[in-house]
Amino acid sequence: MSRPVMAGVILVSMLAGTISCVPPPRVTDSEEAVVRRSAGSPVDALFVPPSPETIPGDLRGEQIRLGYKMIADTQEYGKRYIGNALNCTNCHLDAGLNPNSASFVGIATLYPQYRERAGRQMTLVDRINECFERSMNGKPLPPDSVKLTAIVAYITWLSQDMPPGVAVPWRGIPRLISTHQPDPLHGKKVYEKKCVFCHGTDGQGTMAGPPVWGPRSYNIGAGMARISVAASFIKANMPRGWGWTVTDDEAIDAAAYINTQPRPDFPDKIHDWPKGGKPADAPY
């Protein structure tokens, strides 16, 4: 069996296993999606990721497969560029195929776009490197990096069936809207009851889940360091495979507890939101 074909078989198996090991995700509108639709956006697209069988057997196909590996096993394939114990798929669940956790499907069609935190237009490459510096507590991949090109190829492949100008309602994480005031003390109890099995009593992770605080987790510049973002992620996806089972208050309090624990700094935070608009729950 040729190398491209064998790689394709492996990827099909990995993707199939990833998708089938948890209950089907629930697609819920994100706050941003609601804003886009209320502003007169075109009809929403359906969440239908391309089949692995459509990956070509050429150089582009090799790039797509490598991109998948960079997302699914960043510790192995991207270790030169990361500074913690996370993989991209810890936030972009199922290697970007889960519509409730910052899916990559359709996202390539949205770039370049203006990012308020950066105060400028950003390309998809810029956004990928931003994640490596913040969520992965690492460093940006060089512009000519084969692995950076591979990640772009993978995300672009996942976006190939998305017509230009069509709204992407699963973009980001479904926002949890609540007036509940975060209570980290209660969050500690929620964590001990519902999170500790996977993430450990000390938050440093286990074989079942990644570290959620400390030097091996995301830094304070990551979006997940905001209580509102972490709470939305927890509500929609945690415990793993049982999303939407914790209450809104539990999700907010657990996020508050997790994000009040120590984690790495992000020195370049001084450049964030140069034109204003900094969220109230930004941790700096």
Solvent-accessible ranking of TRP273, TRP170, TRP244, largest area first, probe 1.4 Å: TRP244, TRP273, TRP170
R0 of 22 Å, Cβ-Cβ distance THR179-ARG240: FRET efficiency to nearest 0.05: 0.20
Long-range HN-HN contacts of SER217 with modeled amide H, under 5 Å: ALA85
26 Å Cα-Cα threshold exceeded, pairs from LYS69/LYS189; LYS139/LYS278; LYS79/LYS194; LYS139/LYS189: LYS69/LYS189; LYS79/LYS194; LYS139/LYS189
Cα-based shape type of region 52-158, given that a ≥ b ≥ c are square roots of the gyration tensor eigenvalues and the cut on a/c is 1.5: rounded
Dipole in debye (nearest 20) - region 92-232, about Cα centre, beta carbon charges: Lys, Arg +1; Asp, Glu -1: 300
Over region 94-214, relative contact order from alpha-carbon pairs under 8 Å, at least 6 apart, %: 24
Region 174-281 shape via C-alpha gyration tensor axes, a/c threshold 1.5: oblate
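With a cut-off of 8 Å between alpha carbons and a minimum separation of six or more residues, what is the relative contact order of region 52-158 in percent?
Relative CO of region 52-158 lands at 35 percent.
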Accessible surface, per residue, of region 184-271 when the full set of protein chains is kept, probe 1.4 Å, Å²: 46
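The values are calculated or read from the model by the stated rules, or taken from the named source; none is laboratory data. Source: prediction; values computed, not measured. Backbone-built Cβ (ideal geometry, glycine too); neighbour counts: all protein chains shown. Calculation scope for accessible area: heavy atoms of the full protein, side chains included, ligands and nucleic acids excluded. Shrake-Rupley method; radii C 1.70, N 1.55, O 1.52, S 1.80 Å.
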